[in-house]
Amino acid sequence: HADINFVVVQTLDDVPALVAAVKEEARRHFGREIQVFGMGRIVCRDTEEEAIAYNHYMIHEKGDWEAAANMARQLGVESGSLPPEAWQGMGAAIIGGFSALPLVGTPDQIVEGMQAMVDAGLDGITLNWPNYREGLAQYDEILRPLLVQAGIRAH
């Protein structure tokens, strides 16, 4: 009954096969043509170094690792079968933006990352920011015009 399916992927390399499989499933079992959207989390600053530093601060200095572990347990992914380094990556992904693909960098780098998501086969992207209100203003004032210029958005 849906026109859009939202997916979570670990890397952009996972996108083409997953999008193809989801669209084929909808077509074969339900006779529907659907769109597939991914998730992106934006940390955008004037310089790449500032964005990387803030991303690290947000996740590793201020992140709620206990809440991330609780969420992982709720999702059934903290079975003890993961090596510690895999859990660190998973915990950071949960804290950073509920496993959304990271878009961390300058405005131009963010747009390049979004273009890569589209090029990989996603029809759309849900977005989040560490501060949503500030992120929406940044999107409206800075990122959206760049996305229009890049041809990713119509207006």
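Within segment 40-71, track down each residue that is aromatic (Phe, Trp, Tyr) and more than 21 Å from TYR132 (Cβ to Cβ).
TRP65
Within segment 123-139, can one find any residue that is assigned to a loop (DSSP other than H, G, I, E, B) and aliphatic (A, V, I, L, M)? It would help to see each step written out before you state the result.
First, the residues of segment 123-139 that are assigned to a loop (DSSP other than H, G, I, E, B): 123, 129-131.
Now drop any that are not aliphatic (A, V, I, L, M), which leaves none.
For segment 123-139, residues assigned to a loop (DSSP other than H, G, I, E, B) and aliphatic (A, V, I, L, M): absent.
Just to check your reading of the model, which residue among PRO107, PRO102 is touching a residue at least 12 places away in the same chain (Cβ under 8 Å) and under 19 Å from MET71 (Cβ atoms)?
Details: PRO107 fails: under 19 Å from MET71 (Cβ atoms).
Matching residue, one of PRO107, PRO102: PRO102.
On the basis of being modelled with pLDDT of 95 or more, open to solvent by 40 Å² or more (accessible area, probe 1.4 Å) and not in a strand (DSSP E or B), does ARG73 make the cut?
Numbers: modelled with pLDDT of 95 or more: no; open to solvent by 40 Å² or more (accessible area, probe 1.4 Å): yes; not in a strand (DSSP E or B): yes.
No, not satisfied.
Determine if segment 118-134 includes at least one residue that is open to solvent by 40 Å² or more (accessible area, probe 1.4 Å) and modelled with pLDDT under 80.
Checking segment 118-134: not a single residue is open to solvent by 40 Å² or more (accessible area, probe 1.4 Å) and modelled with pLDDT under 80.
Inside segment 106-145, can you point out the residues that are more than 17 Å from GLY38 (Cβ to Cβ) and among the hydroxyl-bearing types (Ser, Thr, Tyr)?
THR106, TYR132
The values are calculated or read from the model by the stated rules, or taken from the named source; none is laboratory data. Here the structure is a predicted model, which is why all the values come from computation and not from measurement. Cβ sites come from the backbone with ideal geometry, for glycine too, and all protein chains shown count toward neighbours. When the accessible area is computed, the model is the full protein with side chains, heavy atoms only, and any ligands, DNA or RNA have been set aside. Shrake-Rupley method; radii C 1.70, N 1.55, O 1.52, S 1.80 Å.
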